[in-house]
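Presented below is the structure to which this report refers.
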Amino acid sequence: MYISLLLNFIVPFVMVLTGSIIKKHPNHNMHKQNGYSSPASMKSQMHWDYAQSIAPGIFISLGKYLFLAEVLLNIIFIILRVSVHMSVLIGEGAGIVFLFLGFYYTDLKINEKFPDQ
């Protein structure tokens with residue numbers, strides 16, 4: 001039954017994998033929309049290039065932090081005998097929060113770099 005707790009590691013795995021792919025294969029053509037694509041990154045080619053340079057690092061680091069947080073949460077859930085269903089719900093909720101933080105933080109950095117555009 002506790003094998004279901006592995007579901008909590010889907011989001012950190014995807015964050016690290018996506019960041020690694022974008023880092024290894026950056027896309028410099030913003031019209032293909034492959035890579036980190038958000039309204040802030042699509043404002044100009046400079047915005048796009050900057051987003052492609054910072055987004056992989058942000059997503060990889062947040063994915064690693066989320067992985068560690070999920071490990072700790074799963075250990076706590078097992079010790080406290082929280083139901084597996086509730087553990088997965090809380091773990092995936094944490095994953096969604098970290099995922100949105102990745103987008104928010106990347107867009108924040110883009111807007112800090114280009115404040116008047």
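The values are calculated or read from the model by the stated rules, or taken from the named source; none is laboratory data. Given the structure is predicted, the values throughout are model-derived calculations rather than measurements. Glycine gets a Cβ as well: all are built from the backbone with ideal geometry, and neighbour counts include every protein chain shown. To get the accessible areas, we keep the full protein, side chains included, count just its heavy atoms, and leave off ligands, DNA and RNA. Shrake-Rupley method; radii C 1.70, N 1.55, O 1.52, S 1.80 Å.
Odds and ends about this structure:
- Some residue of the stretch 87-100 being out of contact with any Leu (no Cβ under 8 Å at 6 or more places or on another chain), under 18 Å from residue 2 (Cβ atoms) and open to solvent by 60 Å² or more (accessible area, probe 1.4 Å): yes
- Count of residues meeting criterion [open to solvent by less than 50 Å² (accessible area, probe 1.4 Å) and part of a loop (DSSP other than H, G, I, E, B)] in the stretch 43-86: 2
- Residue within the stretch 46-54 that is under 13 Å from the mean Cα position of the chain (by Cα) and over 18 Å from residue 95 (Cβ atoms) present: yes
- Residue that is surrounded by the most Cβ atoms within 10 Å (Cβ to Cβ), among those in the stretch 12-42 that are farther than 19 Å from residue 114 by Cβ and of a type in the set (A, V, I, L, M): 15
- Residue 3 hydrophobic (A, V, I, L, M, F, W, C), at pLDDT below 90 and either open to solvent by 90 Å² or more (accessible area, probe 1.4 Å) or not in a loop (DSSP other than H, G, I, E, B) (or both): yes
One line per residue, one yes/no per condition, for (1) out of contact with any Phe, Trp or Tyr (no Cβ under 9 Å at 6 or more places or on another chain); (2) at pLDDT 95 or above:
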residue	(1), (2)
28	no, no
45	yes, no
78	no, no
93	yes, yes
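Residues checked against (1) at positive phi; (2) assigned to a helix (DSSP H, G or I); (3) in contact (Cβ under 8 Å) with a residue 60 or more places away in the chain:
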{"site": "9", "(1), (2), (3)": "no, yes, yes"}
{"site": "27", "(1), (2), (3)": "no, no, no"}
{"site": "33", "(1), (2), (3)": "yes, no, no"}
{"site": "41", "(1), (2), (3)": "no, no, yes"}
{"site": "90", "(1), (2), (3)": "no, yes, no"}
{"site": "104", "(1), (2), (3)": "no, yes, no"}
{"site": "107", "(1), (2), (3)": "no, yes, yes"}
{"site": "112", "(1), (2), (3)": "no, yes, no"}
